[in-house]
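*Asks:* Below: one structure in structure tokens.
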Amino acid sequence: MDNYWNNFLQKIIKQKDLGSIGFSNVVGGVISGIFWLYIASIINPESYGEIHYFIGIAGIAQVISLIGSSNTLTVYTAKNVKIQSTLFLVSIIAAGISALVIIIIFYRFDAALLALGYVIFELLNAVLLGKKLFVKYSKFFIIQKILTLTLGIGFYYTLGVDGIILAIALSFIPYFVLFISEFRETKIDFSLLRPRKGFIVNNYVMSMLGTSGSQIDKLIIAPLLGFALLGNYSLALQLFTVMLMFSMIVYKYILPQDASGKSNKTLKSVIVLISIGISVLGIVLSPLVIPDLFPKYIETIDAIQIMSVAVVPGTIILLYTSKLLGLEKSRFVLISKAISLSMLVTGFIILGPIFGITGLASVFVFTVTFEASFLFGISKIKRL
């Protein structure tokens, strides 16, 4: 048994690239967490909900614009297919149109600029991960989080709540600079898209469904149940994201590895065990911590405890998504996302008005568990 653990530790120590991603995501997650938790502690749930409503709109605009989805870029960059500039061009044109639509409909320049920032952020991170430039990825990731913290708090105290979204949008400026150099690196060649259109389209639709699932909830909850409940739900969802942080670190590392044909079975097993521990901690600690840190958000306690259960199936989703995308079997992931999104929307509309935030949290856990079960089952049935 001692030899097993010694061997395991040596394998982990050697994974310096995983360490780079892990370090940046942990540090970035802590910085982001400090920012959002601080903002939540000084404003009321209604204002917090309104902020996340417009962030949700920017997120929907981002995923519609991101024709070159991050998964597509990571996989093909890892395979040394020079497709970056072509997908960059298409996505930026779409992002410009989406930003204009936001300004026309909502009169929110800050949300429009945020949508553009989101697109640039996703495109560049995908390419850096595909090239396995993990240290460079980490540097830019942490810089963006530091800018979010400093600009966000600074703009809040100078411009008020309305300055927060603008500050987040401006935090992506370093990625705009990097975008220009990466865009010049490969030639625009639309002929590269044709033989890969199936994988690209599947990933685009999958990305739309996946991101819509994490953003459309905000667009449903606000008109249906109000900004105050959305604020409480958003805090619970952010804490769930923090709990899933280690699993996301592993996902970002193993996706280019899976695409290159390299397996990481030990690492995948370990992250599942870690996710179980994190899930238990979320259930146990939330009623002890929330009343002291966020007295205005007591309603989130039950939701956090319920959503903590989803950390384990959420981890399984990431692991099997990486495996299937690495094999270019994106249609299975697409199907799971489509079914899960329809279940989420239907459940929110039916159970939200009846059970409130606990109903929303329960629907969230059910859909995440279904998606994990679907991907696991498909992998076993198809022997992938």
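Just so it is clear, none of the values below were taken in a lab; they were calculated from the coordinates. Since this is a predicted model, take the numbers as computed values, not measurements. So basically every Cβ, Gly included, is an ideal-geometry build from the backbone, and we count neighbours across all protein chains shown.
*Asks:* Students often check this: by mean Cβ neighbours within 10 Å, which of 287-297, 49-59, 126-136 ranks highest, and how do the rest follow?
*Replies:* Details: 287-297: 13.7, 49-59: 22.7, 126-136: 20.5.
In decreasing order of mean packing, 287-297, 49-59, 126-136 become 49-59, 126-136, 287-297.
*Asks:* Could you work out the relative contact order of region 43-190, using alpha carbon pairs under 8 angstrom and six or more residues apart, expressed as a whole percent?
*Replies:* Working: 189 pairs, mean separation 44.7, N = 148.
Answer for region 43-190 is 30 percent.
*Asks:* Follow-up. Given the DSSP H assignment, sum -39500 (n - 2.57) over each helix run of at least 4 residues in the chain and divide by its residue total; what's the result at 222 nm in deg cm²/dmol, nearest 500? Show your work: numbers first, answer last.
*Replies:* On the way: 17 runs with 326 residues, N = 384.
Roughly -29000 deg cm²/dmol at 222 nm, from the helical runs in the chain.
*Asks:* Only Cα pairs within less than 10 Å get springs; with that Gaussian network setup on the chain, which residue of Gln84, Gln238, Gln144 has the largest fluctuation?
*Replies:* Of the options given, Gln238 has the highest mean-square fluctuation.
*Asks:* Which shape class applies to the chain: rounded if a/c is under 1.5, otherwise prolate when a/b exceeds b/c and oblate if not, where a ≥ b ≥ c are the square roots of the Cα gyration tensor eigenvalues? Numbers along the way, then the final one.
*Replies:* On the way: a/c = 1.39, a/b = 1.12, b/c = 1.25.
Rounded, since a/c falls under 1.5.
*Asks:* Of Leu87, Ser47, Ile64, whose Cα points farthest to the positive end of the dipole of the chain (charges on the beta-carbon: +1 Lys, Arg; -1 Asp, Glu; origin at the Cα centre)?
*Replies:* Farthest towards the positive pole: Leu87.
*Asks:* Dipole magnitude of region 15-381 about its Cα centre, charges +1 at Lys/Arg Cβ and -1 at Asp/Glu Cβ only, in debye to the nearest 20?
*Replies:* Working: 25 positive and 16 negative charges, 327 e Å.
The calculation lands at about 1580 debye.
*Asks:* Right, here's the next one. Between Phe183 and Ile350, what is the spin-label point distance in nm, taking each point 7 Å from the Cα along the Cα→C-beta axis?
*Replies:* For the pair Phe183/Ile350, the computed spacing is 4.7 nm.
*Asks:* Follow-up. So for region 47-133, averaging the separation of alpha carbon pairs under 8 Å that are six or more residues apart and normalising by length, what relative contact order in percent results? Numbers along the way, then the final one.
*Replies:* Details: 103 pairs, mean separation 36.5, N = 87.
With pairs under 8 Å counted, the relative contact order is 42 percent.
*Asks:* When the label point is put 7 Å from the Cα of Lys82 along its Cα-to-beta-carbon vector, which residues of region 236-263 have a backbone N closer than 15 Å?
*Replies:* From region 236-263, the list is empty.
*Asks:* How far apart, in nanometres, would the label points at Phe376 and Asn44 be if each is projected 7 angstrom from Cα along the Cα-to-Cβ direction?
*Replies:* Going from the Phe376 label point to the Asn44 one covers 4.4 nm.
*Asks:* While we're here: Could you tell me the calculated FRET efficiency between Ile97 and Ser342, based on Cβ-Cβ distance and R0 = 22 angstrom, to the nearest 0.05?
*Replies:* Working: r = 27 Å, r/R0 = 1.21.
Efficiency at R0 = 22 Å is approximately 0.25.
*Asks:* Using θ = phi - 60° and the Karplus form 6.51 cos²θ - 1.76 cosθ + 1.60, what ³J(HN,Hα) does each residue of region 150-155 get, whole Hz, x for Gly and Pro?
*Replies:* 3J(HN,Hα) across region 150-155, in whole Hz: 6, 5, x, 5, x, 5.
*Asks:* Could you work out the relative contact order of the chain, using alpha carbon pairs under 8 angstrom and six or more residues apart, expressed as a whole percent?
*Replies:* 22
*Asks:* What distance in nm lies between label points placed 7 Å from Cα along the C-beta direction at Ile283 and Ser191?
*Replies:* Result: 5.8 nm between the two label points.
*Asks:* Decide, for region 276-364, between rounded, prolate and oblate: order the square roots of the alpha carbon gyration tensor eigenvalues as a ≥ b ≥ c, take rounded if a/c falls under 1.5, and otherwise choose prolate if a/b is larger than b/c, else oblate.
*Replies:* Details: a/c = 3.76, a/b = 1.56, b/c = 2.41.
Here region 276-364 falls in the oblate category.
*Asks:* With a/c under 1.5 counting as rounded, go ahead and sort region 223-330 into rounded, prolate or oblate using the C-alpha gyration tensor (a ≥ b ≥ c being the square roots of the eigenvalues; past the cut-off, prolate if a/b is larger than b/c, else oblate). Could the numbers behind the result be given before it?
*Replies:* Values: a/c = 3.52, a/b = 2.01, b/c = 1.75.
Since a/c reaches 1.5 and a/b is larger than b/c, the shape of region 223-330 is classed as prolate.
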